[in-house]
Amino acid sequence: MTTSQLNLFAGWSAYASAGAAILGMVFIFIFLAAGEPFGSLNDLSIAMQVLLMIPIALALHRSLANGAFAIVSLIVLIALLIGVVALATGSVLLVLKKINLEQSFRPPFNNYWLIGIWLITANLLASNAHTLSSTTVWLGVITGIAWIMLGLGMWIGGTAAQQSFPVAVGGLVGMFGFIVWGILIARHLLKAA
């Protein structure tokens with residue numbers, strides 16, 4: 001696949017990932033008011049959102065692969081892939097009732113923090129390479145910090161932490177931030193295609 005083709009695919013994947021995040025937020029708010037099946041629809045939206053991040057990560061890595069930080073880019077790409085596969089698997093297993101909510105908050109399924117590390121590192125590397133705008137970079141960094149807060153808050157507190165500060169703030173800032181970042185990164189990738 002050429003770089004142009006990858007950027008085109010990744011750009012549309014970024015729009016789709018942001019769309020899945022919007023659906024997930026709608027479903028979680030409806031779930032809080034009305035209950036199932038909206039919690040399960042939220043979980044499936046999360047799985048789609050993170051799986052659609054893979055082409056974005058591959059495109060960003062390709063743009064950084066020949067630079068001074070190629071090894072760092074590869075390491076965080078691998079971390080993202082591990083995080084995405086685990087989080088998507090946990091979301092699907094939760095919907096299928098193969099694991100319970102408490103199990104989904106714990107490793108190996110809760111890997112928001114790994115995805116957050118990728119968001120921070122990939123955006124900072126792209127900033128260093130002058131690949132992304134400073135707005136996109138800093139929104140990616142803030143979103144990554146929020147995802148780490150969400151993941152660690154869930155991991156440490158379990159289901160009792162659902163209403164805790166790290167989980168609530170990490171969840172809201174992380175999801176809203178990701179939606180805007182996803183749109184910005186989609187525009188960047190499509191322009192580069």
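The values are calculated or read from the model by the stated rules, or taken from the named source; none is laboratory data. Every value quoted in this text rests on a predicted model; they were computed, and no experiment measured them. Positions of Cβ are generated from backbone atoms using ideal geometry, with glycine treated the same way; all protein chains shown enter the neighbour counts.
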Residue in region 76-90 that is among the polar types (S, T, N, Q) and surrounded by 20 or more Cβ atoms within 10 Å (Cβ to Cβ) present:
no
Collect the residues in region 119-133 that are touching a residue at least 60 places away in the same chain (Cβ under 8 Å), aliphatic (A, V, I, L, M) and surrounded by fewer than 21 Cβ atoms within 10 Å (Cβ to Cβ), keeping them in residue-number order.
Ala129
So how many residues does region 38-65 have that are crowded, with 19+ Cβ neighbours inside 10 Å and hydroxyl-bearing (Ser, Thr, Tyr)?
2
Kindly indicate whether Ala65 is modelled with pLDDT under 95 and under 14 Å from Trp118 (Cα atoms).
no
Pull out all pairs, ordered by first then second residue, where Cβ-Cβ is under 8 Å, the residues are six or more apart or on different chains, the first lies in region 78-104 and is closer than 20 Å to Ala160 by Cβ and part of a helix (DSSP H, G or I), and the second is at pLDDT 95 or above and aromatic (Phe, Trp, Tyr).
none
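Mind listing whichever residues of region 53-62 are more than 15 Å from Ala186 (Cβ to Cβ) and either out of contact with any helix residue (DSSP H, G or I) (no Cβ under 9 Å at 6 or more places or on another chain) or touching a residue at least 60 places away in the same chain (Cβ under 8 Å) (or both)?
Listed by number, the list holds a single entry, His61.
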Do we have any residue at all in region 151-165 that's surrounded by fewer than 20 Cβ atoms within 10 Å (Cβ to Cβ), farther than 23 Å from Ile71 by Cα, in contact with a helix residue (DSSP H, G or I) (Cβ under 9 Å, 6 or more places away or on another chain) and at pLDDT 95 or above?
no
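I'm checking my understanding of the structure. Among residues of region 105-118 that are touching a residue at least 40 places away in the same chain (Cβ under 8 Å) and among the hydrophobic types (A, V, I, L, M, F, W, C), which one is farthest from Ile145 (Cα to Cα)?
Among them, the one singled out is Phe105.
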In region 1-50, anything closer than 26 Å to Arg187 by Cβ, touching a residue at least 12 places away in the same chain (Cβ under 8 Å), hydroxyl-bearing (Ser, Thr, Tyr) and out of contact with any Lys or Arg (no Cβ under 7 Å at 6 or more places or on another chain) is listed as Ser4, Ser13, Tyr15, Ser17, Ser45
